[in-house]
Each structure stands twice: as C-alpha cells, then as structure tokens.
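Have a look at the structure below before the remarks.
The values are calculated or read from the model by the stated rules, or taken from the named source; none is laboratory data. It should be emphasised that the depicted structure is a prediction, and the values quoted were computed from it without experimental measurement. All Cβ positions, glycine included, derive from the backbone under ideal geometry; neighbour counts span all protein chains shown.
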Amino acid sequence: DGGITQSPKYLFRKEGQNVTLSCEQNLNHDAMYWYRQDPGQGLRLIYYSQIVNDFQKGDIAEGYSVSREKKESFPLTVTSAQKNPTAFYLCASSIEGTAYNEQFFGPGTRLTVL
Amino acid sequence: QKEVEQDPGPLSVPEGAIVSLNCTYSNSAFQYFMWYRQYSRKGPELLMYTYSSGNKEDGRFTAQVDKSSKYISLFIRDSQPSDSATYLCAKYSGGSNYKLTFGKGTLLTVNP
C-alpha cells in the first residue's frame with residue numbers, strides 16, 4: 001500500500017529534551033512538508049522540502065529542525081528551544097507537476113510535553 | 001490580514017440539513033482553492049478543488065468560488081453523521097514553492 005507513515009502516534013517529552021518525529025512516504029513524491037496543528041489554529045507550516053538535501057523554513061520554523069537525506073524520509077526534530085511544543089504534528093507530501101498541488105497527509109503524531 | 005480566513009465554528013446541524021461552510025481570501029492572483037476534510041485524530045484528505053471561479057459538484061458536495069467577493073464555499077446536501085469532521089479550506093497560488101495556505105478549519109457535527 002502506498003502512503004505516508006508517521007511514528008510514533010503519541011509522544012511524551014520532558015521539558016528540555018529534543019525529540020525526533022519520523023515521516024516516511026513510499027509515494028515517490030518529490031516534496032514533503034511538516035505542519036503543526038493546534039486547536040482553533042488550522043495548519044501552520046513548519047518546514048518544507050522540494051528535493052533531497054534541500055529544505056526551506058515555513059511560517060513557524062523557530063525551535064524546529066529537519067533533514068532530507070533520502071527522498072522518502074523527512075524527520076522533524078523538536079528542540080528544547082521550542083517554547084510550546086505540545087501539538088498535533090502532520091507530515092505531508094506532494095508530487096511535482098499537478099496544477100493544484102494536492103498534498104497527502106500522514107496520520108499525525110501527538111506530542112505532549114510533561 | 002491573513003490570506004485565508006475561516007470561521008472555526010463549531011457548527012452543529014441535524015441529519016439531512018444543507019450545510020454551508022465558508023472562507024474568505026485575500027490576494028487575487030491566479031490560484032486554486034481546495035477543501036480538505038479531517039476526521040478526529042486523523043490527517044486531512046482532499047475533498048474537492050476548484051480553479052479561481054465557478055462551481056464544482058461531486059455527489060452531495062458543491063464547491064463554489066466567488067471572485068468578486070473573494071468568498072469560497074462548500075455546500076453539503078443531505079448531510080450525514082459520517083460528514084462530521086473538521087473542514088479546512090486552502091489555497092494554492094502556484095509558483096515554485098508548492099505552499100498551500102490553510103484556513104483555521106470549521107468543526108462540523110451532524111446529529112442523527
């Protein structure tokens with residue numbers, strides 16, 4: 001089955017710790033994205049990558065870091081510098097060439113800071 | 001002014017009602033408009049998309065764009081409890097950065 005997988009589904013972090021959220025896709029999509037979703041805030045773009053070894057900051061990149069060493073993988077690290085990391089994190093991917101840039105989303109990771 | 005504004009609701013309707021979900025947008029450049037549906041604790045999925053203006057119908061769902069008022073709407077006819085979800089409007093302005101701009105989402109509950 002083709003799709004996007006995110007792990008873990010739930011993640012608990014102590015204050016001051018860095019954590020890494022996994023995102024893998026087997027859709028052969030070029031572009032990948034990380035969003036953060038808070039109640040009443042919709043989706044806010046953290047980082048995106050259009051090609052391997054290249055990525056750009058989104059609207060709320062502070063306190064986060066990413067890497068794109070492989071086409072199918074786009075892990076997100078939430079660092080201790082992120083002041084309010086408790087949220088639902090969504091990874092997405094899209095294929096180059098569609099006129100409307102349909103993005104396909106993973107099931108999400110819910111991060112809670114204890 | 002945010003690029004896409006959406007009333008977060010929540011919206012609660014009885015089964016069978018006609019539902020109207022709305023967003024407004026700024027920046028009138030060439031663009032596509034999309035509606036994503038997100039069930040609780042799941043990732044969003046694309047429901048419909050339209051280009052710049054006009055209507056598009058798919059079964060019980062109709063997406064409409066009014067360029068003069070910069071309004072985008074999603075209508076759901078004969079609403080069902082299975083339609084209960086958060087609906088997110090989004091726009092894509094083209095170009096090379098592939099970015100979508102999302103509204104805040106409207107939580108819809110259809111009561112049996």
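Quick rundown of the values:
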read-out: Strands (runs of 3 or more DSSP E) contained entirely in the range A:1-88, each with at least 3 residues that are out of contact with any Pro (no Cβ under 9 Å at 6 or more places or on another chain); value: A:10-13, A:31-38, A:42-51, A:54-57
read-out: Restricting the range A:50-71 to residues that are at the interface with chain B (Cβ under 10 Å from one of its Cβ atoms) and more than 22 Å from B:Cys89 (Cα to Cα), the residue that is surrounded by the fewest Cβ atoms within 10 Å (Cβ to Cβ); value: A:Gln56
read-out: Hey, B:Asn27 out of contact with any Cys (no Cβ under 8 Å at 6 or more places or on another chain), at pLDDT below 95 and more than 10 Å from every other protein chain (Cβ to nearest Cβ) or not; value: yes
read-out: Subset tally (residues that are more than 11 Å from the chain's Cα centre (by Cα), within 7 Å of chain B (Cβ to nearest Cβ) and part of a loop (DSSP other than H, G, I, E, B)) for the range A:92-106; value: 5
read-out: Pair list, Cβ under 7 Å, 6 or more apart: the range A:42-62 residue over 22 Å from A:Glu72 (Cβ atoms), other residue surrounded by fewer than 19 Cβ atoms within 10 Å (Cβ to Cβ) and β-branched (Val, Ile, Thr); value: A:Arg44/A:Ile60
read-out: Qualifying residue in the range B:1-20 (condition: surrounded by 18 or more Cβ atoms within 10 Å (Cβ to Cβ), within 14 Å of chain A (Cβ to nearest Cβ) and out of contact with any Cys (no Cβ under 7 Å at 6 or more places or on another chain)); value: no
read-out: Residue selected from the range B:75-97 under the condition modelled with pLDDT under 95 and surrounded by fewer than 21 Cβ atoms within 10 Å (Cβ to Cβ), by the criterion nearest to B:Trp35 (Cα to Cα); value: B:Ser93
read-out: Options B:Asp66, B:Asp83, B:Asp78; residue that is more than 13 Å from chain A (Cβ to nearest Cβ) and closer than 20 Å to A:Phe104 by Cα; value: B:Asp83
read-out: Criterion (modelled with pLDDT of 95 or more, of a type in the set (Val, Ile, Thr) and within 27 Å of B:Met34 (Cα to Cα)) met by exactly one of A:Ile46, A:Ile51; value: A:Ile46
read-out: Candidate set from the range B:21-39 (those that are closer than 28 Å to A:Ile4 by Cα and of a type in the set (Ser, Thr, Tyr)); member that is surrounded by the most Cβ atoms within 10 Å (Cβ to Cβ); value: B:Tyr36
read-out: Check on B:Lys42, part of a loop (DSSP other than H, G, I, E, B), buried (at least 19 other Cβ atoms within 10 Å of the Cβ) and within 14 Å of chain A (Cβ to nearest Cβ); value: no
read-out: Pick from the range B:48-62, criterion closer than 14 Å to B:Cys89 by Cβ and modelled with pLDDT under 95, ranking: surrounded by the fewest Cβ atoms within 10 Å (Cβ to Cβ); value: B:Lys56
